[in-house]
Amino acid sequence: MRNRVSTRFCMAFLGAVLAAAAWSATQAQDLKSFEQRITVKVLPNGLTLILCRRPEAPVFSYTTFIDAGDVNDPSGESGLAHMFEHLAFKGTSQIGATDYAAEKVALEKVEAANDAYEAEYLKPVGRDEQKLAALKKAFLAAQADAEKYVIPNQFTAVAQANGAHDLNAETGLDDTQYFWSMPENRLELWAWMESSRLAYAVPREFYKERDVVMEERRMRTDSDPIGRLIEQFLATAYVAHNYGRSSIGWPSEVSQITATEAMAFHKKYYVGGNIAIAIVGDVDPRTELPMLEKYFSRVPGGPRPEEMTTVEPKQFAEKSVVIREQTQPFYIEGYHRPSFRDPDDAVYDAIGDIMSNGRVSRLYRSLVEQQQIAAEAEGFSPFPGEKYPSLFAFYAVPLPGHTPAEMREAIHKEIEKLKTADVTDAELQMYKTRARADLLRGLADDQGLANSLAEYQTRYGDWRELFLQLDRVDKVTKADIRRVANKVFVDSNRTSAEIDTEPPAATAKKDGGAQ
Amino acid sequence: MRNFNQSQDWVPQARGPRGQVLVRGVEVRILGPGKGPLIAFRLAAVALLFILSGLLSAAQHAKPWEQIPIPPLHAFHPQQPKRIELKNGIVIFLQEDHELPFISGSVLIPGGSRDETTAKAGLVGLYSQAWRTSGAATMDGDAMDDLLESKAAHIETEGDDDSTALSWDSLKGDSDQVFSLAMDLLFHPRFSAEKLQLAKQQEATAIVRRNDDEDEIAGRESAKLVYGVGSPYTRQPELATIGAVSLADLQAWHDRTLKGPLIVGISGDFDPVAMEAKVRAAFEGLPPVTPEPPRHDTFSGPTPGLYFIDKEDVNQSNVQIVGLGVDRRNPDVPALAVMNEILGGGFGSRLFVEVRTKRALAYAVGGGFGFTYDHPGSFRVEVLTKSVSTVDATNAALAEIAGLNTKPFTEDELKRAKDDILNSFLFHYDTRDKVLAEREKLEFYGYPADYLETYRAKLEKVTLSGLTAVAKKYIHPGQLAVLVVGNGPEIKPGLDALNMGSPQSIDITIPRPAGPPAPGGAAEK
């Protein structure tokens, strides 16, 4: 699984790469070389195609980047973007059913049956249990009827039989990404499949998939100590913005999302202007573009969805979460910071790097090596997203016998140093050098490059920003780091969360887990 | 960095099932069974399409994706590394790659955690940390960190169950210096007490935390069921055993393993003549290698039955169904690999379709035979399901395993499983680094260099009768162990409903060494 946090580091690093004047020219690494190999085409429906030729082997990788994620879930429907992402693997009106026309009618009956069941289920007073049972039975019958037309998992199975490799998708708070790699002679087949699921999605097997997603929640969040802690941490750090909401969805909400809601989300957000697709590998834009244009023109146009109005208000009081349970201790804290559009974006990356990158980083040298109180300690940002104002977070894993309180104190001492003294020239230079090299390393990976190109094209409106923003990275100064540290790392802007370990005997019996 | 990612995958990467096509019975459903051979059905469906084209979607019958041309793949001859065998038995691979200005390398050293003693379990883990952090005679580990990080370069060491390794990478311009530093670390390490202590603290942290994560418990304890608690493949470091490891042990381990048949691999933007001379110079002077004596482990597989570990803070059971597998030299591996795809390999697999898609009992479900290179792997099917459906999901998974012997494999299943494996086969060697890594692996385990090609040819020849035969030979539901990690009071109906007898509880209490407490006194559990 790719980590969005490291993706962001990569963005900044890219900038630094080409800024270095002393850099020796090589074949594959400068903007000019990329301009020769990259073709961008915006289709009449607004969808952007980015093709990058890298014929190292007869394969290609793609990323379809939807500029919508769980931050866009309507109130009461947390987890909706992710739920739709699961639906996008269920096939379309063209693939996945024996008789879509008949299935469509059957699916409408499923929806009606679910509506009737939910209406009774949600009655605040006077719910009729007998009626509810009958409605449930009717719903299950309608569902079984619709399933008669289904060819289970035909979409993904066809992809895999044609060599799809590392096929998956991710729904983040900011965006949704679909991706796989394939032999290059399947490019047209892929274009048919991908455009089909973007254009002709259907709510097939929706309610069973909802149960599958509930299992995903149990695995990632409910049954995982850090998963539980992070959910509470974010819910506490934010009071207004959706970054504070469970991204996989609160149980009561995910479990009641309807197919109608999922399809409405699709209609609103899966429009051409909200989608960028990058393809990297053994593909020739000159010959393939007309074919790609033909298929992806099937995606509906429609206006870009409206921008979100909610802005997280300034935090004016420190907040904290303490979970007392049998698991081992852990500490995390976060400070609100601006979005990726902020002029200081690169300064936050520099701070993260100096504090956390490798055995030379300040937190490692202090907490792990010198004080010997932690097994790991790092700071990172932006979290949990980048598109909107987010957090700069620090965490530490205590060694046996050490406490979250010690982690907190030690982290604060290191933060205080950032605020009161300049980082060294060597530290700043190290950041810029590593950034440059790490970026270059990433250019050799088709899938990684496809992700970056689609993301930059969406976030900045031009993939070249991947290279051009290096200017900002290169301009980061020691004074910038002090200024930003003093602005952001203040007590009233902090939210912390910790696990305090309790012995088994003292643990009160919980009422059935997190459900 | 820990993964605090807020993203959700559609399939969990860690257990990422790989899958195959599912196109079963389309025609049968449309026209009804028993009306003639499959070909006739297809023709009938196409004819119908022409007549009713205004009423029926073409997609239903004509399968538009099958009409898309698939041209021949562009010619591709993966570049093999140059192999050089020195007189002393050390093997060098050189893989040129001039796309980016980097050079990386590694030395693979036979001998790993399976070769350490039970009383000092964890030695290789400590060694592989402290080796690098202590540094070399000419430069200590901290100074090495400063130098390397300023150049965005790396030198790292790691340990595995059958080997340890030293690896490095840097920009081309720094590669001479980094190579010579790596050789210093290889030939003149300085194991320091301070860094061993640091490694012990890290390991102790992992030990006291090992029961926090349900998935970790399930993986670890099910492996113990397969190989045995004291097996060299599953024994775990304890606070007492890591406490017993000394600096002298690290040095002795190093001296012993460095005499073995090392494998050196270099890849990147170098001049082949100069690089060969440099690597030869570094390794040619070593005495002839002395391989470790071959291992004679015994593998009897699990004691069949039902096992349970109670975890009070979860609402999902992690069910592992395990048995002994085979090693890669076994001639049945190609057929077993195809059977894996059908059972639990991916989206069209029986487990995925039945347990996840049709019954919605799990997000994570899958499994099959694992193939290891020099000892039997394990057979493993896992399913993660909410507490109340533990029995249902376990039964559903067991039914698919048993079904390998009772539910005949179909031509469609065979075709999609083979298509899936063969059409994605080139992702084994689509980068030069992958080609190099594969060759090093084959060299390490003594497999022929053309193993992948012959394996592929054998996969192509797998037949239905071959599948039936391996299922009969290897699938014995009565010999499997079922481990459930979950929240006991929430599991209703209880595990008794599996009719496998009373579950045997496994005690996972972390042993505390007698005498003075571990550093700081770890919290209980």
task = Determine which member of the set B:Gly367, B:Gly377 is at positive phi, assigned by TED's automatic domain parsing to the domain that holds B:Gly494 and touching a strand residue (DSSP E or B) at 6+ places or on another chain (Cβ under 7 Å).
result = B:Gly367
Helices (runs of 4 or more DSSP H) wholly inside the range B:377-466 containing at least 1 residues that are away from chain A (no Cβ under 14 Å) and among the hydrophobic types (A, V, I, L, M, F, W, C) = B:390-406, B:432-445, B:451-460
message = Tell me yes or no: at least one residue of the range B:391-408 is under 18 Å from the mean Cα position of the chain (by Cα), at pLDDT 95 or above and outside the structural domain of B:Ile109 (by TED's automatic domain parsing).
response = no
inquiry  = Of the conditions (1) surrounded by fewer than 23 Cβ atoms within 10 Å (Cβ to Cβ); (2) closer than 25 Å to B:Asp433 by Cα; (3) among the hydrophobic types (A, V, I, L, M, F, W, C), B:Ala182 satisfies every one except a single condition; which number is it?
reply    = (1)
message = Can you report the number of residues in the range A:67-81 which are under 25 Å from A:Ala159 (Cβ atoms) and out of contact with any helix residue (DSSP H, G or I) (no Cβ under 6 Å at 6 or more places or on another chain)?
response = 0
message = Every residue in the range B:329-349 that is touching a Gly at 6+ places or on another chain (Cβ under 7 Å) and within 14 Å of another protein chain (Cβ to nearest Cβ), please.
response = B:Asn340, B:Gly344, B:Gly345, B:Gly346, B:Phe347, B:Gly348, B:Ser349
task = Give the number of residues within the range A:277-335 that are under 26 Å from A:Asp462 (Cβ atoms), surrounded by 12 or more Cβ atoms within 10 Å (Cβ to Cβ) and β-branched (Val, Ile, Thr).
result = 5
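So which residues in the range B:204-223 are facing chain A (nearest Cβ under 9 Å) and part of a helix (DSSP H, G or I), if there are any at all? If you could, list the steps in order and put the result at the bottom.
So the first thing to find is which residues in the range B:204-223 are facing chain A (nearest Cβ under 9 Å), and the list is B:204-209, B:211-215.
Those that are facing chain A (nearest Cβ under 9 Å) and part of a helix (DSSP H, G or I): B:Ala204, B:Thr205, B:Ala206, B:Ile207, B:Val208, B:Arg209, B:Glu214, B:Asp215.
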request  = Scan the range A:150-171 for residues that are more than 7 Å from every other protein chain (Cβ to nearest Cβ) and assigned to a strand (DSSP E or B) and report the count.
outcome  = 3
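Residues checked against (1) touching an Asp or Glu at 6+ places or on another chain (Cβ under 6 Å); (2) in a helix (DSSP H, G or I):
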| site | (1), (2) |
| --- | --- |
| A:Tyr295 | no, yes |
| A:Val299 | no, no |
| A:Lys314 | no, no |
| A:Ile332 | no, no |
| A:Arg341 | no, no |
| A:Tyr348 | no, yes |
| A:Phe380 | no, no |
| A:Gly385 | yes, no |
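Looking only at residues that are of a type in the set (Asp, Glu) and free of Cβ contacts under 8 Å to residues at least 24 places away in the same chain in the range B:136-164, which one is farthest from the other protein chains (Cβ to nearest Cβ)? Talk me through it step by step, then tell me what you get.
Going residue by residue through the range B:136-164, those that are of a type in the set (Asp, Glu) are B:140, B:142, B:145-146, B:149, B:156, B:158, B:160-162.
Pick out the ones that are also free of Cβ contacts under 8 Å to residues at least 24 places away in the same chain and you get B:142, B:145-146, B:149.
Details: B:Asp142: 8, B:Asp145: 5, B:Asp146: 6, B:Glu149: 5 Å.
Residue satisfying both the conditions and the ranking: B:Asp142.
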ask   = Out of the residues in the range A:1-59 that are away from chain B (no Cβ under 13 Å) and part of a loop (DSSP other than H, G, I, E, B), which is modelled with the lowest pLDDT?
value = A:Ala21
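Here is a check on your reading of the model: is B:Glu96 closer than 30 Å to A:Ala437 by Cα and acidic (Asp, Glu)? First the steps, then the outcome.
Details: closer than 30 Å to A:Ala437 by Cα: yes; acidic (Asp, Glu): yes.
Considered against the rule, which asks whether it is closer than 30 Å to A:Ala437 by Cα and acidic (Asp, Glu), B:Glu96 comes out as yes.
Regarding A:Ser339, is this residue in contact with a Phe, Trp or Tyr (Cβ under 6 Å, 6 or more places away or on another chain), surrounded by fewer than 23 Cβ atoms within 10 Å (Cβ to Cβ), under 21 Å from A:Ala240 (Cβ atoms) and more than 14 Å from chain B (Cβ to nearest Cβ)?
Numbers: in contact with a Phe, Trp or Tyr (Cβ under 6 Å, 6 or more places away or on another chain): yes; surrounded by fewer than 23 Cβ atoms within 10 Å (Cβ to Cβ): yes; under 21 Å from A:Ala240 (Cβ atoms): yes; more than 14 Å from chain B (Cβ to nearest Cβ): yes.
So A:Ser339 fits the description; yes.
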request  = List every residue pair whose Cβ atoms sit under 7 Å apart, with the two residues 6 or more apart in sequence or on different chains, where the first one lies in the range A:284-301 and is closer than 12 Å to A:Met193 by Cα and the second, anywhere, is of a type in the set (S, T, N, Q) and at pLDDT below 95.
outcome  = none
ask   = Does the range A:66-84 include one or more residues that are within 10 Å of chain B (Cβ to nearest Cβ) and polar (S, T, N, Q)?
value = no
ask   = Looking at B:Lys441, B:Lys461, B:Lys434, B:Lys472, which is the one that is under 22 Å from the mean Cα position of the chain (by Cα), surrounded by fewer than 16 Cβ atoms within 10 Å (Cβ to Cβ) and touching a residue at least 40 places away in the same chain (Cβ under 8 Å)?
value = B:Lys441
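Residue under question is A:Glu77, and the condition is that it be in the same structural domain as A:Leu167 (by TED's automatic domain parsing), at pLDDT 95 or above and part of a loop (DSSP other than H, G, I, E, B); does it hold?
Working: in the same structural domain as A:Leu167 (by TED's automatic domain parsing): yes; at pLDDT 95 or above: yes; part of a loop (DSSP other than H, G, I, E, B): yes.
It is true that A:Glu77 is in the same structural domain as A:Leu167 (by TED's automatic domain parsing), at pLDDT 95 or above and part of a loop (DSSP other than H, G, I, E, B).
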ask   = When you go through A:Ala405, A:Ala426 one by one, which is the residue that is more than 12 Å from every other protein chain (Cβ to nearest Cβ), in a helix (DSSP H, G or I) and either surrounded by fewer than 21 Cβ atoms within 10 Å (Cβ to Cβ) or among the polar types (S, T, N, Q) (or both)?
value = A:Ala405
inquiry  = Restricting to the range A:203-246, name every residue that is surrounded by fewer than 23 Cβ atoms within 10 Å (Cβ to Cβ), more than 11 Å from chain B (Cβ to nearest Cβ) and of a type in the set (A, V, I, L, M, F, W, C).
reply    = A:Ala235, A:Val239, A:Ala240
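Which one is farthest from B:Lys63 (Cα to Cα), of the residues in the range A:93-122 that are facing chain B (nearest Cβ under 9 Å) and either surrounded by fewer than 22 Cβ atoms within 10 Å (Cβ to Cβ) or among the charged types (D, E, K, R) (or both)? Let's see the steps before the verdict.
If we filter the range A:93-122 for residues that are facing chain B (nearest Cβ under 9 Å), which is where we start, we get A:93-95, A:97-101.
From what's left, either surrounded by fewer than 22 Cβ atoms within 10 Å (Cβ to Cβ) or among the charged types (D, E, K, R) (or both): A:93, A:98-99, A:101.
Values: A:Ser93: 12, A:Thr98: 10, A:Asp99: 12, A:Ala101: 15 Å.
Among those that are facing chain B (nearest Cβ under 9 Å) and either surrounded by fewer than 22 Cβ atoms within 10 Å (Cβ to Cβ) or among the charged types (D, E, K, R) (or both), it is A:Ala101.
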query = How many residues are over 27 Å from A:Arg245 (Cα atoms) and among the aromatic types (Phe, Trp, Tyr) if we restrict to the range A:82-116?
reply = 1
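The values are calculated or read from the model by the stated rules, or taken from the named source; none is laboratory data. This one's a predicted model, so the numbers in the text were calculated from it and none came from an experiment. Cβ coordinates were reconstructed from backbone atoms using ideal geometry, including for glycine residues, and neighbour counts include every protein chain displayed.
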